[in-house]
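Read the structure below first, then the notes.
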Amino acid sequence: MSKLNIINQGAGHFIIDGDLTFSTIDKQTAKSFAFSKTAKHINIDLSRVARTDSAGLALMIEWIRYARDHKIQLGFKNIPEQLLNLARLSGFDISNHFTSQPDSPEFTDL
């Protein structure tokens, strides 16, 4: 198990490092989108996510809801295939947030 870290790269760019799983996500992590309070454009790079499960998908959905409610433009890049598969199985693949690929635009429409 790899501990979950949110690395602030500045200017609204963040890297998620570690596992996005039930064992690494807690209530504090779920509320962690407060890190974005100063930016109106957030880009989250998931290239360092080693493992994920449905808790990782739930966290991403929570971040999407938060961004929508606070009028923040949110983009994910380098989404692990495992997360994309979970999104497809759950019916969330219709969201622009789950269709980005490594060389797609940084931000998706809400």
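With each label modelled as a point 7 angstrom along the Cα→C-beta vector, the THR38-GLN9 pair spans 1.8 nm.
The local environment of THR21, defined by Cβ-Cβ distances under 9 Å, has a net charge of -1 under the rule Lys, Arg +1 and Asp, Glu -1. Each DSSP beta bridge with both residues in region 5-98 is either parallel or antiparallel, and the antiparallel ones are about 30%.
Every read-out reported here was derived from the displayed coordinates using simple, explicitly stated rules and does not represent laboratory data. It should be emphasised that the depicted structure is a prediction, and the values quoted were computed from it without experimental measurement. As a convention, Cβ positions derive from the backbone with ideal geometry for all residues, glycine included, and neighbour counts pool all protein chains shown.
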